[in-house]
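The values are calculated or read from the model by the stated rules, or taken from the named source; none is laboratory data. Quick caveat: nothing in here was measured; it's all calculated off a predicted structure. Cβ: placed from backbone, ideal geometry, glycine included. Neighbour counts: every protein chain shown. In case anyone asks, the SASA skips ligands and DNA or RNA and just uses the protein heavy atoms, side chains included. Shrake-Rupley method; radii C 1.70, N 1.55, O 1.52, S 1.80 Å.
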Amino acid sequence: MIVHSNENSPSDQTIPGTDDKPYVQGKFFFRGASKFFLTGVTYGPFGSNGEAEYNLEDVERDFARISATGMNSVRLYTIPPRWLLDAAQQHGLYVLVGLPWEQHVAFLQDRQRARSIIQRARAGVSACTGHPAVLGYTIGNEIPAGVIRWHGREAVEHFLQTLCRAVRQEDPGALTTYVNYPTTEYLRLGFVDFLCFNVFLESQESFDSYIARLQNISGEQPLVLSEIGLDSRRHGMAKQAQMVHDQVTAGFAAGCAGAFVFSYTDEWHRGGYPIEDWDFGLTDRQRQPKPALAAAAGAFATLPFSRDGEWPRISVAVCSYNGAKWLEDCLSRTEQLDYPDYEIIVVNDGSTDATPLVASRHRVKLVNTENGGLSAARNVAGQAATGEIVAYIDDDAYPDRDWLKYLAHAFRNGDYAAIGGPNLLPPRSSGFAKCVAYAPGCPAHVLISDRVAEHLPGCNLAVRRDRLLEVGGFDSQFRVAGDDVDLCWRLQEKGWKLGFAPSAVVWHHRRGSLRTFWKQQFHYGIAEALLERKWPEKYNIAGHLSWAGQLYGPGAAAMFGLRERIYHGTWGSAPFQSAERVSSEWTSLPLTPEYYLLIAGFALASLAGVFVKPLLFLLLPLAFAVALPIWTAAKRASIIPLQPGFSKRSRALVACLHLLQPIARLCGRFYGGLHPWRYRRVSRFAFPSHRSFTIWSEKPETIQERLTKWEAALRANGYTLRRGREFDRWDLEVRVGFFGGAKLWALAEDHGAGRQLIRLRIEPTCKSAGWLILAGLTINGLVADFDQLWIPTAIMAGLALVFAVEMVREIGAAVGAFLSVLRADEKITTQTNSPLAAAAAEEFVSTEA
């Protein structure tokens with residue numbers, strides 16, 4: 001048996017039995033309570049005559065050598081005879097059974113063929129059912145991209161799901177998978193137990209990059225490399241051995257749950273015909289070992305990491321306020337981490353329950369403080385840490401045993417200021433908690449690329465201590481939530497990168513009741529209000545935060561639109577075909593907090609129909625506006641795979657949580673002061689018109705330095721502004737309210753010897769929402785006037801006037817803000833002794849055009 005000591009020697013193997021059959025938990029396989037890494041080779045196919053393709057004498061000899069090499073599994077491409085499974089069990093090997101069918105043709109074109117495939121799969125599984133050596137079944141292997149393109153992705157996915165269901169009916173409890181490859185990586189296969197990918201890349205750098213991509217595609221499912229290797233005929237045996245060793249090592253270090261080297265022997269067949277121009281085997285056609293066999297054995301013997309090399313000291317920080325309920329589990333699991341040099345720090349943040357008593361029963365450094373909130377407690381832990389890395393984990397979470405190794409490995413292989421990993425639902429969670437895991441709003445990471453993150457949740461966050469202290473630690477104003485978002489932004493503001501380690505897993509308990517879920521989302525809304533006041537440039541006028549990266553997690557899909565498109569290449573020729581989300585604010589809008597304000601606006605306008613009958617037509621768009629989030633929530637819930645403990649009733653609850661979560665966030669935002677009419681500061685008013693200026697300067701100062709200075713002055717005066725992004729032509733924008741603002745353009749002309757002519761342009765801006773509201777009120781007023789309804793006419797006219805005045809006030813305040821800062825910094829004048837400056841001033845007179 002492969003135990004968690006990660007020793008892969010033959011003595012660790014035992015005969016597979018029914019009581020210790022591998023099962024899936026999170027990103028890995030387990031046997032009993034120990035993690036189990038799949039280490040093996042592919043075997044066959046050797047012919048096309050059923051049982052005759054396997055020779056008993058060859059199988060016994062081959063399985064004995066595979067077992068003696070330290071491997072624990074073989075992957076087959078056909079249904080094995082019962083005696084082969086017996087032989088595998090005798091030698092301590094598990095068998096991943098392949099279900100062969102005609103996947104290379106348009107199999108859905110003929111309904112009879114599709115039914116025949118399922119019937120034959122049932123018969124094949126029935127022949128293996130109950131055997132303890134069976135690890136699981138592959139329900140398909142590399143369906144050609146052209147076939148999927150012909151039938152459509154959804155149709156193929158539905159057929160594979162039906163096939164998977166049939167396998168489980170024949171062999172309940174058996175593991176299922178589909179063997180994919182890069183050309184069809186876009187297939188959504190959440191219904192299988194683990195994902196398999198065949199990856200043949202001859203560049204180690206490309207291999208490492210693609211494994212990182214596959215880890216993000218697999219999400220919370222285990223990733224198994226079902227075929228890796230190199231052709232020794234073309235590259236030589238030494239190169240093959242080196243590549244096999246490097247790919248196995250890199251795959252497991254990147255968090256793969258298993259790997260099968262292709263193949264055991266150079267002898268193999270395709271379609272019943274021998275393949276004689278490729279030599280991928282670890283042994284030759286006479287079963288004589290090649291150097292790659294020893295290389296594979298050496299790589300499999302040190303999983304998931306080699307014990308060589310130095311590991312940085314890490315301080316694990318657990319901050320708890322009345323968290324005694326889960327703290328015992330958290331600390332007991334943390335004490336069992338497989339890592340050579342770490343300490344555990346528990347900060348008791350003024351708890352009134354048994355938290356300090358629970359902590360005192362463990363080998364931890366306990367620090368008791370008065371209640372100051374989560375950020376303050378995390379800062380205390382950072383100050384008390386002696387490690388060069390501080391790894392934060394919540395008191396209602398517990399880590400995978402290799403958690404710190406995956407974090408440390410990521411730090412050693414990249415220049416990151418902080419690294420995080422996924423937080424998964426614990427296996428024995430309640431039914432409500434499982435539904436919460438699929439709802440939006442749970443802590444989730446945001447990735448810019450496969451390895452670089454934009455945000456890492458604080459429940460699984462490791463930070464270099466020196467950089468944590470350099471940015472001043474966590475901001476103590478965030479007492480409950482939001483501190484991790486703020487820290488990530490400040491680290492990135494310094495120019496540092498955030499990394500993501502997909503197998504650095506912690507198990508994080510979700511909220512177990514509707515009340516606690518509402519409370520969590522309400523406090524998240526308050527945190528958003530605090531973040532918006534500190535980082536206004538990251539929020540739009542409605543108070544919505546748009547991430548530059550992609551949000552991950554089971555409930556993250558609700559934050560995006562429903563549209564996806566697949567990159568096939570011209571005529572389906574692309575070797576790597578991926579799914580691409582087509583970003584659309586309109587398709588993601590129905591499940592955002594701001595959308596409920598739109599519904600409220602329609603409802604209020606419809607009520608006016610009591611006085612102005614034509615306004616009753618707004619009841620139709622109101623009904624549509626109400627129905628759209630309900631439909632979207634139901635759509636999101638319907639794509640969740642049904643599984644043990646998760647029924648159709650669970651889907652209905654998930655849909656309800658999708659609708660409830662934005663309302664809770666909205667209430668929290670309003671409580672914290674984050675609402676569309678929040679910008680009210682006006683210190684100076686200027687007529688809202690376009691203005692242009694020139695500034696002559698003889699001091700060497702870049703335009704970026706000037707903009708930074710003006711930006712700081714505006715912030716110091718309390719204005720809300722944001723910088724222009726990479727694709728914007730403007731440089732700064734001041735926002736005063738929901739309707740209006742102003743933008744600043746800046747250009748520096750270099751005239752030699754450090755002399756510059758600075759061109760500035762201020763342009764007022766009015767949001768389209770303001771024009772729409774004003775137009776709506778005006779039209780309603782005209783309609784009421786036409787019907788001689790004087791009171792509604794007066795009301796509409798008054799409201800229109802109020803909105804118009806407010807628009808002018810907000811735009812004028814933004815223009816005045818720019819003018820006050822610019823005039824305080826530079827005396828805009830045309831008087832100068834420089835002829836060049838005089839000529840420039842003559843052409844660009846410093847007047848407000």
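Summary of computed values
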{"item": "Among 634-641, 183-190, the order from most to least packed when residues are scored by Cβ within 10 Å on average", "result": "183-190, 634-641"}
{"item": "Carbon plus sulfur fraction of accessible area for segment 80-163, probe 1.4 Å, in percent", "result": "50 percent"}
{"item": "Accessible heavy-atom area order of Phe260, Phe687, highest first, probe of 1.4 Å", "result": "Phe687, Phe260"}
{"item": "Leu642 accessible area, assembled protein chains, probe 1.4 Å, Å²", "result": "80 Å²"}
{"item": "Computed E for Gln383/Tyr23 - FRET, C-beta separation, R0 35 angstrom, nearest 0.05", "result": "0.25"}
{"item": "Unit charges on C-beta of K, R, D, E only; dipole of segment 437-545, Debye", "result": "300 debye"}
{"item": "Cα shape, segment 309-401, gyration tensor, a/c 1.5 rule", "result": "oblate"}
{"item": "Stretchable slack from Leu642 to Arg120, in nm (0.36 nm times residue separation minus alpha-carbon distance)", "result": "185.5 nm"}
{"item": "Residue pairs, from the table Lys534/Lys743; Lys27/Lys538; Lys405/Lys538; Lys405/Lys497, whose Cα atoms sit over 24 Å apart", "result": "Lys27/Lys538; Lys405/Lys538"}
{"item": "Global form of segment 76-160, assessed from the alpha-carbon gyration tensor, a/c cut-off 1.5", "result": "prolate"}
{"item": "For segment 703-748 and segment 507-534, distance of Cα centres in Å", "result": "31 Å"}
{"item": "Separation between Cα centres of segment 28-98 and segment 802-823, rounded to whole Å", "result": "76 Å"}
{"item": "Potential lengthening between Ala294 and Val626 on full extension [0.36 nm per residue; Cα-Cα distance subtracted]", "result": "113.1 nm"}
{"item": "Computed FRET value (nearest 0.05) for Lys239 with Arg149, which takes r as the C-beta separation and R₀ as 30 Å", "result": "0.30"}
{"item": "Nearest-10 value in Å² for the accessible area of Glu267, using the 1.4 Å probe", "result": "60 Å²"}
{"item": "Shape of segment 395-500, Cα gyration tensor, a/c cut at 1.5", "result": "prolate"}
{"item": "Partner lysines for Lys239 [C-alpha distance under 27 Å; skip if fewer than 8 residues away on the same chain]", "result": "Lys290"}
{"item": "Protection proxy ranking, peptides 739-748, 68-77, average beta carbon neighbours within 10 Å, highest first", "result": "68-77, 739-748"}
